[in-house]
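All remarks here apply to the structure that follows.
The values are calculated or read from the model by the stated rules, or taken from the named source; none is laboratory data. What you see is a predicted model; the values in this text were computed from it and never measured. Here the Cβ positions follow ideal geometry from the backbone for every residue, glycine too, while neighbour counts run over all protein chains shown.
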Amino acid sequence: MIELLHFIRPLWLIALPAIALIWWLVRRRDASQAMVGHFVAPHLREALTINRNARSGLRAIDGVAIALLATCIATAGPTWSKQASPWFSETAPLVIAIEVSDSMRSNDLQPTRLDRARFKVMDLVAARTGARTALIAYAGSAHIVVPPSTDADILQPFLESLDPAIMPAGGADASKVLPLAQSLLGEQATAGTLLFVNDGFDSGDIAPLAKFANQPDTPALAALIVGTDEGGVALMPDGSPVMVVGGGRLDTSIDTSMLRRVSAEANVSVVRAGIGDADIRQLMRTIQSNLRQADDPDARWTDQGWWFLWPAALLSLLWFRRGWTMQW
């Protein structure tokens with residue numbers, strides 16, 4: 001933030017030396033008057049001195065000078081962030097990559113993790129009215145389901161048709177999504193976001209995700225994690241549990257330490273799915289934050305001068321205190 005700090009109206013800063021000069025002159029005058037008082041008898045000086053019980057270290061001119069300095073800085077328009085233009089915000093591109101693997105059959109979230117993921121995706125798309133959204137389905141391979149579109153109604157039938165049984169390869173390889181997302185976003189990649197909707201990542205995903213995130217002209221990465229840490233039972237359509245090679249039920253627990261690694265090493269914004277819309281609102285803030293970091297030609301610097309008006313206003317209240325009225 002410090003490197004972005006500058007002033008929208010810097011000419012107002014010319015007044016700062018003048019304020020400092022006035023403060024010094026008034027302080028010097030008060031000091032001279034105090035020295036003159038030494039020639040008067042102490043008992044007479046005490047009787048003739050106005051506000052003699054006031055602290056000698058802090059005077060009315062000090063409060064006035066600080067208030068004027070804060071007002072001058074506020075008028076100069078300090079800023080350190082941009083506000084994206086409304087048109088740019090509405091067209092923030094998003095690619096949603098939803099995991100369609102056997103672990104998403106888990107029943108720890110009713111009815112299943114995959115069903116809950118569908119609901120969350122539709123809630124997110126509904127909150128992004130007018131924005132371009134694309135959909136990718138992945139397991140051991142990744143496939144474009146819906147190209148970028150502003151029509152939210154198109155996504156719903158395709159989402160409802162997703163099932164692990166139709167995926168050509170089992171497993172969950174997040175790296176297969178990356179080239180598809182890059183091609184879908186095209187020239188708007190830096191302003192876009194690639195959102196994984198899944199139940200976690202594997203250690204093999206970290207290296208390709210980190211390499212992708214560190215490349216120029218790539219979208220920001222985020223993940224909506226659907227499921228509980230303890231997991232549940234992944235059930236086939238006939239009600240039987242999903243079994244792994246070698247026997248035993250599929251482990252659907254979520255490795256939270258792996259999520260922390262993905263967040264730290266691959267710069268993925270991780271959001272846990274929950275009840276209500278708090279997760280959707282957090283995702284919306286993440287998407288907009290990614291957008292603000294992009295090079296929006298119509299973005300305007302946000303005037304943050306109001307932060308400096310508060311101390312100026314509070315200091316001005318001292319003028320209502322007896323003995324603090326500034327007399328020039």
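Would you confirm whether any residue within the stretch 280-302 is within 17 Å of Leu109 (Cβ to Cβ) and either among the acidic types (Asp, Glu) or in a loop (DSSP other than H, G, I, E, B) (or both)?
Checked the stretch 280-302: no residue is within 17 Å of Leu109 (Cβ to Cβ) and either among the acidic types (Asp, Glu) or in a loop (DSSP other than H, G, I, E, B) (or both).
Given Val262, Val245, which one is assigned by TED's automatic domain parsing to the domain that holds Ile98 and assigned to a helix (DSSP H, G or I)?
Working: Val245 fails: assigned to a helix (DSSP H, G or I).
Testing whether each residue is assigned by TED's automatic domain parsing to the domain that holds Ile98 and assigned to a helix (DSSP H, G or I) leaves just Val262.
Within the stretch 270-301, restricting attention to residues that are modelled with pLDDT of 75 or more and of a type in the set (D, E, K, R), which residue is nearest to the chain's Cα centre (by Cα)?
Residues of the stretch 270-301 modelled with pLDDT of 75 or more: 270-289, 301.
Subset that is of a type in the set (D, E, K, R): 272, 277, 279, 281, 285.
Numbers: Arg272: 16, Asp277: 17, Asp279: 13, Arg281: 11, Arg285: 6 Å.
That would be Arg285.
Do we find that Thr218 is within 20 Å of Ala266 (Cα to Cα), of a type in the set (S, T, N, Q) and outside any helix (DSSP H, G or I) in this structure? Reasoning before the result, please.
On the way: within 20 Å of Ala266 (Cα to Cα): yes; of a type in the set (S, T, N, Q): yes; outside any helix (DSSP H, G or I): yes.
Against the criterion (within 20 Å of Ala266 (Cα to Cα), of a type in the set (S, T, N, Q) and outside any helix (DSSP H, G or I)), Thr218 qualifies.
Just to be sure I understand the filter: pairs with C-beta atoms under 6 Å, separated by 6 or more residues or on different chains, first member in the stretch 154-180 and surrounded by 12 or more Cβ atoms within 10 Å (Cβ to Cβ), second member part of a helix (DSSP H, G or I). Which pairs pass?
From residues that are surrounded by 12 or more Cβ atoms within 10 Å (Cβ to Cβ), the pairs are Leu155/Val125; Leu159/Arg118; Pro164/Asp102; Ala174/Asp205; Ser175/Pro208; Leu178/Phe212.
Report, by residue number, each residue of the stretch 98-114 that is part of a helix (DSSP H, G or I) and more than 17 Å from Arg272 (Cβ to Cβ).
Initial filter on the stretch 98-114 (part of a helix (DSSP H, G or I)): 102-105, 113-114.
Answer for the stretch 98-114, where residues must be part of a helix (DSSP H, G or I) and more than 17 Å from Arg272 (Cβ to Cβ): Asp102, Arg105.
Is it fair to say Gly63 is modelled with pLDDT under 90, within 41 Å of the chain's Cα centre (by Cα) and among the small types (Gly, Ala, Ser)? Can you show your working first?
On the way: modelled with pLDDT under 90: yes; within 41 Å of the chain's Cα centre (by Cα): yes; among the small types (Gly, Ala, Ser): yes.
For Gly63, the condition - modelled with pLDDT under 90, within 41 Å of the chain's Cα centre (by Cα) and among the small types (Gly, Ala, Ser) - is met.
Tell me whether the stretch 185-196 contains one or more residues that are at pLDDT below 95 and not in a helix (DSSP H, G or I).
First, pick out the residues of the stretch 185-196 that are at pLDDT below 95: 185-193.
Adding the requirement that they be not in a helix (DSSP H, G or I) leaves 192-193.
Yes.
Do we have any residue at all in the stretch 147-165 that's more than 25 Å from Arg272 (Cβ to Cβ), in contact with a Lys or Arg (Cβ under 9 Å, 6 or more places away or on another chain) and in a loop (DSSP other than H, G, I, E, B)?
yes
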